[in-house]
Each structure stands twice: as structure tokens, then as C-alpha cells.
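Just so you know, all these numbers are worked out from the coordinates, no wet-lab data involved. What you see is a predicted model; the values in this text were computed from it and never measured. Backbone-built Cβ (ideal geometry, glycine too); neighbour counts: all protein chains shown.
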Amino acid sequence: MAPPPAGLVLVALLALVLALALAPAPARGDKPARGGASSSIAAGAETEPSSAVFPLYGDVYPHGLYYVAMNIGNPPKPYFLDVDSGSDLTWLQCDAPCRSCNEVPHPLYRPTKSKLVPCVHRLCASLHNGLTGKHRCDSPHEQCDYVIKYADQGSSTGVLINDSFALRLTNGSVARPSVAFGCGYDQQVRSGDLSSPTDGVLGLGTGSVSLLSQLKQRGVTKNVVGHCLSLRGGGFLFFGDDLVPYQRATWTPMARSAFRNYYSPGSASLYFGDRSLGVRLAKVVFDSGSSFTYFAAKPYQALVTALKDGLSRTLEEEPDTSLPLCWKGQEPFKSVLDVRKEFKSLVLNFASGKKTLMEIPPENYLIVTENGNACLGILNGSEIGLKDLSIIGDITMQDHMVIYDNEKGKIGWIRAPCDRAPKFGSSSSSALL
């Protein structure tokens with residue numbers, strides 16, 4: 001994932017193997033209600049795959065991320081995890097013991113030696129190959145150590161462990177599969193970032209160490225994940241395909257080979273209104289761990305030029321510490337919905353062999369800051385080392401149900417009211433305790 005620019009509150013570490021970003025804890029009244037389960041599925045039990053639905057918290061601005069409450073351990077305890085489709089490894093800050101940890105919402109997870117994953121395990125090899133391209137294990141008795149490095153010069157050092165995740169399924173049962181995840185005991189972050197509203201990261205990439213791949217292998221859910229990020233904050237996340245609107249969504253094949261384990265629809269041409277800007281986004285990935293969208297240098301410059309050329313005379317450029325490019329109106333804006341009439345929609349036309357369009361209205365590429373200014377939430381990726389990679393981040397995916405279907409090898413999206421989560425089978429943060 002990509003880090004937010006200077007001025008936005010950076011609340012944690014994220015990952016695209018290149019970069020990252022994070023946000024807040026839900027108010028007491030926002031937490032899911034306590035409830036029981038009708039039946040339980042132990043780890044390894046054979047059953048038909050089902051689905052799980054989770055409420056999301058957070059927003060793009062001012063907090064800078066969406067996160068979920070997951071129940072981990074035995075007995076299960078809640079932890080807040082940043083939802084990251086741009087990385088594979090799920091990890092918690094933990095007391096192993098902790099060498100350097102941030103202030104987090106919950107007591108640090110405490111592993112035991114019996115939970116350690118040995119370095120000869122296939123998931124350790126998958127993790128190492130994904131991070132560095134090579135796997136070394138000198139002894140079958142060694143633990144699986146790892147280091148994740150981030151574009152903001154931060155890093156997380158940890159060890160791979162196994163423990164149970166408690167998931168309420170839409171069929172009414174509760175699954176408690178044993179899952180491998182990271183125990184991060186040494187976090188090196190840039191100065192000032194000493195606290196985090198999350199306890200770790202929920203890695204939902206396509207690699208075999210990702211939570212979805214492991215749930216698929218254990219027969220708990222199909223290898224399908226989707227999220228619906230509300231423009232008003234919050235939303236929902238789901239595992240499995242019970243909620244997928246296969247007939248109504250727009251679909252494009254995944255282009256996995258070029259971009260490792262990232263969710264990529266390939267390349268896209270860029271339109272401003274109904275006018276082509278004559279540039280292509282050569283490598284596009286969808287990344288829920290990035291608050292904002294990042295374009296490669298040429299598409300970014302073409303977009304900025306088109307925006308400035310088409311601006312209403314009622315708007316003028318205004319410095320704002322939140323983002324690099326902002327405008328003020330005759331009166332301070334109160335909501336991003338107030339600026340829709342001043343800006344045109346963008347369109348991405350993906351090169352998937354047929355007309356596959358993603359419309360990006362102004363509310364999906366602009367924010368309104370606390371100063372009442374409208375700021376561009378599409379940033380220049382070349383400034384953070386992304387080169388020709390373009391990231392579709394949270395801001396652009398808001399009020400869309402976005403589906404990553406690893407079973408069929410395709411990515412889909414459809415406009416949806418993301419502030420209305422499905423009622424059935426919700427895996428709330430405390431319902432399983």
C-alpha cells in the first residue's frame with residue numbers, strides 16, 4: 001500500500017510490498033452487539049463452504065483507513081485489523097516479547113512456543129518468496145522469521161505463528177480454523193507515529209499465506225473476498241460468494257502474472273468526462289490498504305492539466321496541509337457532495353478484450369477538508385517510488401461493492417449502498433466471545 005501524503009494523519013503501516021497507510025477506533029456505541037452461535041465448526045471439520053460478513057469502521061478522511069474487528073485465539077479476543085487487499089500476510093503486534101511496539105487498542109497478543117510455524121513449512125516458503133523472492137531454512141527446527149519493509153522507511157520484524165480465528169458464518173455456524181499469521185514484535189516507524197488505532201493488518205492478497213487462501217484450503221469459505229466502503233464511513237467486508245451479484249456487476253479478468261500477488265485488472269485508458277486524455281495506466285492494482293488513489297506520472301499530469309483547464313471560475317487553487325492540490329469555493333464546502341457540479345467524472349476503460357468501464361465521479365476522487373477546501377485524492381505515484389504502477393485506493397472504491405473472485409480469476413464492481421450491511425450472519429467483534 002501507499003502511505004498518505006504529509007499532512008494527513010498517518011496511523012500505521014501497510015503494504016503493497018512497496019508502501020502503506022492507516023486510522024481510528026470505533027466509538028463505544030458503534031461496536032457490534034454480543035450474541036451467541038447456533039453451532040460450532042472445529043478446525044479441520046468437513047463442511048460445505050459458507051460465507052462470513054463483517055462490519056467495517058473508519059473512512060478515507062480524516063482517519064485514513066478502513067478496519068475490521070477479528071476474533072483471534074482461544075478463548076477468542078478481538079483485534080482491530082487494517083483491511084489490506086494489497087498484501088498477503090495478516091499480522092498482529094505482539095508480545096513475543098515486544099522489542100518495539102506502537103500503542104494499540106487492545107492488549108498485545110501473546111504467543112506460545114507451541115504456536116510457532118517452522119521454517120520448513122510451505123507457508124513460510126510462500127511468505128519469504130513473496131517478500132524477498134527467496135527462502136532460506138538452515139534447520140527444520142528453526143522458526144519462520146520475517147521482515148517487512150515499507151516505502152516510508154518503516155519495517156516490521158516478526159515470526160509466523162498458528163492460532164484460531166473465530167468466524168460466524170452465514171449458515172448460522174461458527175468456524176474456528178487454525179490459521180498462520182504474523183506476530184510482529186519489532187515495529188520501526190518514522191518518528192511521531194507512536195500510536196495506532198489498529199492492532200495489525202488483515203492481508204487479503206492472492207498468495208497462499210493470505211487468510212482467504214487458508215480459509216479456502218480448510219473448506220471454510222470459497223476463495224472470494226469483497227468489500228463495500230461507505231462514503232459516510234464504515235461499510236462491510238465479506239468472505240465467500242453468497243453475497244456476490246454475479247449477473248449485475250461489471251467484471252474483468254485478473255492479470256496476476258505481471259503483478260505478483262496483487263489484484264490487477266491490467267491496463268486502462270483514462271477519460272475526463274467523455275474526452276480521452278490520450279494516456280494509459282499501464283499497470284493498475286486494486287488496494288484497499290491505500291487511502292488514496294495513485295496514478296503513474298504521465299496519467300497524473302494529464303489529469304491535473306485537464307482538471308485545471310476545466311475549472312469553474314468560482315474555484316481557485318488554495319494551499320492545504322491535507323493534500324498537495326486543493327481548491328476553495330466562494331464559500332467553504334461542507335461535504336464532497338457539494339462539489340460534484342464543479343467537477344467532471346473520470347472513466348477508466350480496462351483493456352480486457354471488451355468494454356469494461358469504471359466511472360469515477362467527483363466524490364470518488366476528491367475530499368473536503370476541515371478547512372472547507374476540495375482536494376484531489378489522486379496522487380502522483382512516482383513521488384513515492386511506484387514508477388509506472390497505478391493504485392486504485394479506498395477513495396475511488398467508496399460506495400462500490402468490489403469483489404476479488406480468486407475461484408474464477410476475475411475482479412468485479414457495482415455501485416452499492418455500503419452503509420447498509422447485510423443483516424444475516426454478521427461476524428461482529430464481540431458476538432463470538
Which of the lysines could a cross-linker span from Lys354 if the Cα-Cα distance has to be under 16 Å and same-chain partners fewer than 8 positions apart are dropped? Lys410
Can you list, largest first and rounded to whole Å, the semi-axes you get for region 216-277 by taking the square root of 5 times each eigenvalue of its Cα gyration tensor? 27, 19, 12
The ³J(HN,Hα) series, computed from each phi in region 91-108 with the Karplus coefficients 6.51, -1.76 and 1.60 at θ = phi - 60°, rounded to the nearest Hz and given as x for glycine or proline, is 8, 10, 5, 9, 9, 10, x, 7, 7, 8, 10, 7, 6, 10, x, 10, x, 4
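Just give me a number: lysine pairs in region 52-239, eight or more positions apart or cross-chain, with C-alpha atoms less than 24 Å apart. All intermediate terms of the calculation are to be shown ahead of the outcome.
Values: Lys77/Lys113; Lys77/Lys115; Lys77/Lys216; Lys115/Lys134; Lys115/Lys216; Lys134/Lys149.
Qualifying lysine pairs in region 52-239: 6.
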Eligible aspartates and glutamates near Lys308 by straight Cα distance, threshold 18 Å, same-chain separation 8 or greater: Asp274, Glu316, Glu317, Glu318, Asp320, Glu342, Glu363
For peptides 50-63, 131-144, 279-292, sequence by mean Cβ density within 10 Å, most packed first: 279-292, 50-63, 131-144
How many percent of all Cα-Cα pairs in region 77-121 sit more than 13 Å apart? 66 percent
All alpha-carbon distances of region 149-299, grouped into 5 Å bins from 0, give the whole-percent distribution 2, 7, 11, 17, 18, 18, 13, 8, 4, 2, 0
So what are the radius of gyration and Dmax for the Cα set of region 250-415, in Å? 15.8, 51
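Peptides 74-86, 195-207: what's the order by average Cβ count within 10 Å, highest mean first? Before the final figure, lay out the partial values.
Working: 74-86: 22.8, 195-207: 25.7.
Ranking the peptides 74-86, 195-207 by packing returns 195-207, 74-86.
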From the mean inverse distance of alpha carbon pairs (Kirkwood) and the Cα radius of gyration, derive Rg over Rh for region 185-235. 1.10
Pull up all non-local amide H partners of Asp241: gap of 5 or more, or a different chain, and H-to-H distance under 5 Å with H placed in the peptide plane. Lys222
I'd like to compare 122-128, 240-246: which one has the highest average count of other Cβ atoms within 10 Å, and what's the full order after that? 122-128, 240-246
Hey, what do the phi angles of region 367-374 turn into as Karplus ³J(HN,Hα) couplings, whole Hz, using 6.51/-1.76/1.60 and θ = phi - 60°, x for Gly and Pro? 10, 10, 7, 5, 8, x, 9, 9
Inter-centroid distance (Cα atoms) of region 329-372 relative to region 381-405, Å: 14 Å
Taking only the Cα atoms of region 160-221, how large is their convex hull per residue, in Å³? 114 Å³
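Counting every Cα pair in region 52-239, what percent are over 21 Å apart? Mind dumping the intermediate values first?
Numbers: 8626 of 17578 pairs.
So the portion of pairs separated by more than 21 Å is 49 percent.
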Scalar couplings 3J(HN,Hα) for region 345-352 by Karplus 6.51 cos²θ - 1.76 cosθ + 1.60 (θ = phi - 60°), nearest whole Hz, x for Gly and Pro, are 6, 9, 9, 9, 10, 7, 8, 10
List the aspartates and glutamates whose Cα lies under 14 Å from the Cα of Lys283, skipping any in the same chain that are fewer than 8 positions away. Asp388
When the gyration tensor of region 218-339 is built from Cα positions, what are the square roots of 5 times its three eigenvalues, in whole Å, from largest to smallest? 33, 21, 14
